[in-house]
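The values are calculated or read from the model by the stated rules, or taken from the named source; none is laboratory data. The shown structure was predicted, so the numbers you read here are calculated from the model rather than taken from an experiment. So basically every Cβ, Gly included, is an ideal-geometry build from the backbone, and we count neighbours across all protein chains shown. Protein only, heavy atoms only, side chains kept; ligands, DNA and RNA dropped before computing areas. Shrake-Rupley method; radii C 1.70, N 1.55, O 1.52, S 1.80 Å.
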Amino acid sequence: MTPKFAPVSESQITRAIVGEFAKEFESYVETDVIIVGGGPSGLIAGKELASAGVEVLIIERNNYLGGGFWLGGFLMNKLTVRSPAETILEELGVPYKEYNKDKDKVAGLYVADSSHACSKLIAATCDAGAKILNMVALDDVVLHNEKVSGVVVNWSAVSALPKEIACVDPVSLESKLVIDATGHDASVVKKLEERGLLKTKGQGAMWVERSENLVVEHTSEFYPGLIVTGMAVSAAYGLPRMGPTFGAMLMSGKRAAEVVIEKLRV
Ligand code: 48F
């Protein structure tokens, strides 16, 4: 049988979008935590925080969430994690298998379908209650008394245009804490470096065996009010890169959420 759709007009659809967006946006103009970057580390930090009852807004410059998690590497949609990070795939309900250890004499290397893993992670973050503002790019930080207290943002489309064509002032969103989850760019950290407030070391060369532990260990408050997670940790502290394996991204996101929860308690 052909379905009979509800009788709704064009203007009612527009009002529903504008009204609901404006209401939600207004409620997140001041929030507990803003996460800049919706890749694996930012998403899992958002999921953990929202599950713990923290108000959290994720800002993502693309229209899609997931960052580098959509592909394992080299345009191939199989991703890897090293033990013990398969426990997070388990938690998310992502099917995975141990890589052929007999042939390659390797133990504790797991492979999953990246589309499946990324969709499950996005869904878990949204289900937990994190709010998403996509197509929005970081323009600057809000800095009060030498503490990061929010972000300045603009629509990605505006940020991408030359200033002489799109001379549009951004807006500010305030939060108790900000997480830089922008990956290799460490975009939030760089805004502080541009002002001479800190010095980053820049990402080190590839060394997977060292990098994953170091990234999780160094997930911390890098500047008052600003926590770094994922590859932003590597860029901030000058740690080796790890290439196409994602265990440390997931574990660093969880660690970032723990750091935030400890700080919010104080
Ligand atoms: O790059 P990305 O996936 O960062 P991550 O969570 O994970 C890194 C891995 O994907 C991989 C790796 C290790 O496995 O080397 O690269 O650290 O996700 C970063 C997200 O931040 C967004 C960007 O579009 C992406 O979705 N982003 C970056 N800069 C900005 C931003 C910005 N200025 N404003 C808003 N979003």
Discussion item. What's the total number of residues in the stretch 186-199 that are open to solvent by less than 40 Å² (accessible area, probe 1.4 Å) and either under 14 Å from S220 (Cβ atoms) or within 11 Å of the ligand (Cβ to nearest atom) (or both)?
Written reply: 5
Worksheet item: Among the candidates E30, E48, E98, E90, which residue alone is closer than 13 Å to L250 by Cα, touching a residue at least 12 places away in the same chain (Cβ under 8 Å) and acidic (D, E)?
Response: E48
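Per-residue answers, yes or no, for (1) farther than 17 Å from N62 by Cα; (2) within 14 Å of the ligand (Cβ to nearest atom):
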| position | (1), (2) |
| --- | --- |
| A112 | yes, yes |
| I122 | no, yes |
| A128 | yes, no |
| V152 | no, yes |
| W155 | no, yes |
Worksheet item: On the given criteria, is D104 at pLDDT below 95 and of a type in the set (D, E)?
Response: yes
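Regarding A160, is this residue open to solvent by less than 30 Å² (accessible area, probe 1.4 Å) and among the small types (G, A, S)? Outline the logic, then answer.
Values: open to solvent by less than 30 Å² (accessible area, probe 1.4 Å): no; among the small types (G, A, S): yes.
So A160 fails the test.
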Worksheet item: If you go through the stretch 219-266, how many residues are in contact with a strand residue (DSSP E or B) (Cβ under 8 Å, 6 or more places away or on another chain), assigned to a loop (DSSP other than H, G, I, E, B) and within 13 Å of the ligand (Cβ to nearest atom)?
Response: 7
Response to the item:
Residue count, the stretch 55-79, condition within 22 Å of D180 (Cβ to Cβ) and in a strand (DSSP E or B), comes to 5
Worksheet entry | Filter result (more than 15 Å from the ligand (Cβ to nearest atom) and basic (K, R)) within the stretch 130-150 | K147
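Out of G68, G53, G73, I need the residue that is open to solvent by 30 Å² or more (accessible area, probe 1.4 Å) and at positive phi. Which one?
On the way: G68 fails: at positive phi; G73 fails: open to solvent by 30 Å² or more (accessible area, probe 1.4 Å).
After ruling out the rest, the residue left standing is G53.
Could you identify the single residue in G68, G42, G46 that is at pLDDT 95 or above, touching a strand residue (DSSP E or B) at 6+ places or on another chain (Cβ under 8 Å), near the ligand (Cβ under 9 Å from one of its atoms) and not charged (D, E, K, R)?
On the way: G68 fails: touching a strand residue (DSSP E or B) at 6+ places or on another chain (Cβ under 8 Å); G46 fails: near the ligand (Cβ under 9 Å from one of its atoms).
It is G42.
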